[in-house]
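Written out below as structure tokens is the structure these notes cover.
The values are calculated or read from the model by the stated rules, or taken from the named source; none is laboratory data. Just so we're clear, the structure is a prediction, and the values are computed from it rather than from any experiment. Cβ: placed from backbone, ideal geometry, glycine included. Neighbour counts: every protein chain shown.
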Amino acid sequence: MDETMFIDPQRCIGCRACVAACRECATHKGYSMIFVDYIDRAETTATVPTVCMHCKEPTCALVCPADAIKVSDDGVVMSALKPRCLDCRNCVNACPFGVPKYNTEIHLQMKCDMCYDRSSEGLKPMCASVCPTGAISFGKYEQIVPLRRTKPVNVHVFGNQKVETKVYLMLPADTDEVKVDGCGVFEGMLTPAATETVESWIDTQVEHSDKSNEF
Amino acid sequence: MSRVEHLDEIVEAYGPHLHDTPHDGWRADRVIDRVVPTHCPYCAVQCGMNLLVEKDHVVGVEPRYDFPVNEGRLCPKGVTAYLQVHHPDRLLHPLIKRNGRFERASWDEALDLVVSKFKQLQANYGKDSIGVYSGSSLTTEKTYLMGKFARAGLGTRYVDYNGRLCMVSAAAGNNKAFGIDRAANPWSDIPLADVLLIAGSNCAETFPVLNKFLWQQRDNGGRWIIVDPRETPTARQGDLHLQLKPGTDVALANGLLHVLIEENLIDQSFIDSRTNEWEATRALATRYSPDVASKICGVPAQKIIDAALLYGRAKTAMVMHARGIEHHTNGVNNVLSYINLVLATGKIGAPGRGYGTITGQGNGQGGREHGQKADQLPGQRLISNPEHRKYVCDVWGLPEAELPQAGVSVVEMFTKMREQEIRGLLSICNNVMVSLPDINDIRRSLEGLEFYVCIDFFMSEGSRYADVVLPGSAWSEDEGVTCNSEGRVVKINKANNPPGEARADWWIVREIARRLGREKYFSFNSPREIFEELRIASRGGNADYYGITWEKIEKNNGIFWPCPTEDHPGTPRLFEDRFYHPDGKAKFHAIEYQPPKEVPDEEFPLILTSGRVVYQYLSGNQTRRIGFLVEQCPEPYVEVHPETAAKLKINDGERVRVSSRRGEGVFPVLVVRTIRPDTIFIPYHWGEQLAVNQLTNPALDPISKIPEYKACAARIEKIHSRQLPILGRQRKGASASEVQRG
């Protein structure tokens, strides 16, 4: 598969069409594997979608004691294999992006597999199909990137861990990698938030309704 | 008497209940019989979508990549739209209210009762004692039918439609300036514009898929100027946000025009050759310097200058607007003052140079073209014009003396109900107890009616008041055309049959007409027959559909009207060489700023403006039943700026009482820096105690008769409530009554 996903947060209008459409995918009917968060609703209407970033060395697969999470030849990280999944939730806790969810009803980890049933047959994933603005796009690098004024970035640094992903974030032109502090590695190196903010109740509401890491 | 007596029982039986799966649950082992290409039932982008049908049930949705407007894109309402089709709340058989309780009735029984009541009222009080109130989420065939039914079936002058609450100021403004009422450019022009000036439209939330074109324009290096009192998701993404005080658009637009003139960014040769009345407008604009405009609208003078230069210097640019400027007692004037900018710079009638109203409802455009508007006949003809009357009467075979004169707007119709001039009402496709302003007065109007019959497919807050409820069809259960916001006529296709005893809306209306003895005017046996008559009835009018056929629509992914002959390709871009006034010229209007009817004072110090959220559609009768959508936004809230919140000592999430001169409601506070400190905002999709329309001002624009939803005076009081906002999962129902019952 030459295509991949491009996540462009500045275009996100927070409509959650992607969250609704994800449920329509034939392989995981009714469960949505994508999240849309308010950044800080008290200050701005900005929102951002999170899909599985499909890491080149996926932490979820590395921590899986049963080797239940497989990566396809074209680099798509799959949901856990049902016969192998041990209910241990290591992957749910380990993923630096907070993507996999645990389904308590069928005892299985579930995550975005880039709608493999669709994308392996040349169809766009549901979220990228419906996204009104192109905040989530699916296509070939050379087809999408020249159209945009933003820069594709797929290197994320979480403290001591550097993660390279199949999925790109579209960011301002001066960005080479995304740094997130962990274990104090970057102490004093990143600009702290200007003021401490209290999360708006509407953020919390979304957290309850679609960010819980369980179904 | 049309009253609601046993609300609990009504809610128990007809909802809104939350439902969130296909009719038989989420299943991966389906055998899809048919894939039906159609369009979304909601807003006027009219996105293409494919409905998946299994055994006469709509069980899912699949992107329709080959429809050029949306290319597969949908908003969350569109994705979940199919969940309403087999919703357990669907009305499955006719209902007659006896002793305050809805009882199941047969079609014959219900229809005969409707007809006998209508006959009795008209015999006692005259033809005009019955009102017909229709809507613009119907197919164009049905909107044509409703206008004809009122005039030729009932012979009443009182017919109007819910576009009166929506885009009628734009329609009136367009007619005055251009002599025709339609967006001037196809959306494919948007990516060609260097600058977009978008006024009073949070299109990111209300017209999500339009953003496809906006971002294409952005990718081409385009810039956006957004005029809105709130920093909406649309405004956040813009380059220049003019955060004006609600209702001051005329001052702002005049200020922009002032700068354009000062900087000589006007197109004098265009003004001379293609417009009238420039001098008066120019003279007026000289009085609105950026400083003067700034004092009125609250936008810094420098920003007004920047915006005017950005728009004026751009080679190509488009102006678009929506409800934010239209829902005012100065709605038409607001529209005209923005059109002045377009005409003064001559930026119209060419690729990437143009103007458009972002018309709201699914068929908001088509619904105002073919004669369900109080003053209109098919083809945007006027009922007051003798030639127009004669033409339509000839098509209908109706003696001209029998064709009533113009009626009044819907808000005035509801006043006439309280005055007992209208004693019976037939409504379809609207929910008056959510969407009309000052609903406490609307309740009195309904309770004063002698007979109220409602055609609906879900029991709305308004239909609870009805004496007879007739179960109609959801959008997937009938076929016909709609006209999207750019003027493209598209075709809705049938995917399934109506459930239970529910029937197609046109069948119900035809049956009433037949039983009234007016069969000869309503001999239709299918929507196609209605469309064929509509083509002829609209022929030669502004909105000429004569050359449009269903086959042609399917073949070309929609046809833009006017389309006068069968070999005509349609008209995607208007005004390339002429405007539609008799002399072919457009008209300037010198507009003096006037404040909204009600401005803040000591007692009510804040400006209340109302609007929408992306998860709900209009009065919410469809979307407040879909679990996913309700979970995202379960209840209305009031947006308050942190400075105002600090002054009032209220906290984020706290419930407060918001009141105006007309009513009050309790809403959780959402403290956000994205609104002006002098303004508060409440979304409007809910009824009863959750309705912002308990507070809004029913004052009307003198021309368009649109109510002033977007500005009234209000205050906030702390009530020391300890109740927190409802969290998605804990939500049991969709309006206050359901929540209280737990």
Residue check: is B:Gly221 in a loop (DSSP other than H, G, I, E, B), of a type outside the set (S, T, N, Q) and within 13 Å of chain A (Cβ to nearest Cβ)? yes
Scan the range A:25-42 residue by residue and report those that are in a loop (DSSP other than H, G, I, E, B), facing chain B (nearest Cβ under 9 Å) and either small (Gly, Ala, Ser) or over 17 Å from B:Glu631 (Cα atoms) (or both). A:Lys29, A:Gly30, A:Ser32, A:Arg41, A:Ala42
Go through the range A:1-15 and give me each residue that's under 11 Å from A:Thr150 (Cα atoms) and more than 13 Å from chain B (Cβ to nearest Cβ). A:Ile7
Would you point out which residue out of A:Val76, A:Val92, A:Val19, A:Val99 is among the β-branched types (Val, Ile, Thr), modelled with pLDDT of 90 or more and within 21 Å of B:Thr21 (Cα to Cα)? A:Val19
Just to be sure before I move on: is B:Tyr593 part of a loop (DSSP other than H, G, I, E, B) and under 25 Å from the mean Cα position of the chain (by Cα) in the structure I sent? no
Counting only strands (runs of 3 or more DSSP E) entirely within the range B:396-487, those with at least 1 residues that are farther than 30 Å from B:Glu9 by Cβ and not basic (Lys, Arg) are B:480-483
Report, ordered by the first and then the second residue, all pairs with beta carbons closer than 8 Å, sequence separation of six or more or different chains, a first member in the range B:628-652 that is under 22 Å from B:Tyr82 (Cβ atoms), and a second member that is of a type in the set (Asp, Glu). B:Phe628/B:Asp20; B:Glu631/A:Asp210
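What about B:Ala513, is it aliphatic (A, V, I, L, M) and touching a Ser or Thr at 6+ places or on another chain (Cβ under 9 Å)?
Working: aliphatic (A, V, I, L, M): yes; touching a Ser or Thr at 6+ places or on another chain (Cβ under 9 Å): no.
For B:Ala513, the condition - aliphatic (A, V, I, L, M) and touching a Ser or Thr at 6+ places or on another chain (Cβ under 9 Å) - is not met.
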Kindly indicate the residue of the range B:9-47 that is within 14 Å of another protein chain (Cβ to nearest Cβ) and among the aliphatic types (A, V, I, L, M) and also farthest from B:Thr623 (Cα to Cα) among those meeting that condition. B:Val31
Identify, from the list B:Lys117, B:Lys127, B:Lys97, the residue that is in contact with a Phe, Trp or Tyr (Cβ under 8 Å, 6 or more places away or on another chain), at negative phi, in contact (Cβ under 8 Å) with a residue 12 or more places away in the chain and among the charged types (D, E, K, R). B:Lys117
Elements of type helices (runs of 4 or more DSSP H) contained in the range B:274-389, each with 1 or more residues being closer than 30 Å to B:Lys148 by Cβ and not acidic (Asp, Glu): B:323-326, B:331-345
Hey, which of the helices (runs of 4 or more DSSP H) in the range B:139-214, taking only ones fully inside, have at least 2 residues that are touching a helix residue (DSSP H, G or I) at 6+ places or on another chain (Cβ under 9 Å) and within 14 Å of another protein chain (Cβ to nearest Cβ)? B:203-206
Of (1) under 27 Å from the mean Cα position of the chain (by Cα); (2) modelled with pLDDT of 95 or more, B:Leu18 satisfies all except one. Which? (2)
Counting only residues that are more than 7 Å from every other protein chain (Cβ to nearest Cβ), in contact with a helix residue (DSSP H, G or I) (Cβ under 7 Å, 6 or more places away or on another chain) and in a loop (DSSP other than H, G, I, E, B), how many does the range B:70-90 have? 4
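Is it fair to say A:Gly139 is in a strand (DSSP E or B) and either among the acidic types (Asp, Glu) or over 15 Å from the mean Cα position of the chain (by Cα) (or both)? Steps first, please.
Values: in a strand (DSSP E or B): yes; either among the acidic types (Asp, Glu) or over 15 Å from the mean Cα position of the chain (by Cα) (or both): yes.
Yes, satisfied.
Determine whether B:Glu643 is within 14 Å of another protein chain (Cβ to nearest Cβ), in contact with a strand residue (DSSP E or B) (Cβ under 8 Å, 6 or more places away or on another chain) and either surrounded by fewer than 19 Cβ atoms within 10 Å (Cβ to Cβ) or not in a helix (DSSP H, G or I) (or both).
no
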Any pair with Cβ under 7 angstrom, 6 or more apart, that starts in the range B:260-276 at a residue that is in contact (Cβ under 8 Å) with a residue 60 or more places away in the chain and closer than 18 Å to B:Ile305 by Cα and ends at one that is outside any helix (DSSP H, G or I) and of a type in the set (A, V, I, L, M, F, W, C): B:Leu260/B:Ile266
Taking the criterion of being within 30 Å of B:Cys203 (Cβ to Cβ) and either within 14 Å of chain B (Cβ to nearest Cβ) or within 13 Å of the chain's Cα centre (by Cα) (or both), would at least one residue in the range A:84-105 satisfy it? no
Working only within the range A:128-166, note down all residues that are buried (at least 17 other Cβ atoms within 10 Å of the Cβ), over 29 Å from A:Asp181 (Cα atoms) and either hydroxyl-bearing (Ser, Thr, Tyr) or at the interface with chain B (Cβ under 10 Å from one of its Cβ atoms) (or both). A:Ala128, A:Ser129, A:Val130, A:Cys131, A:Pro132, A:Thr133
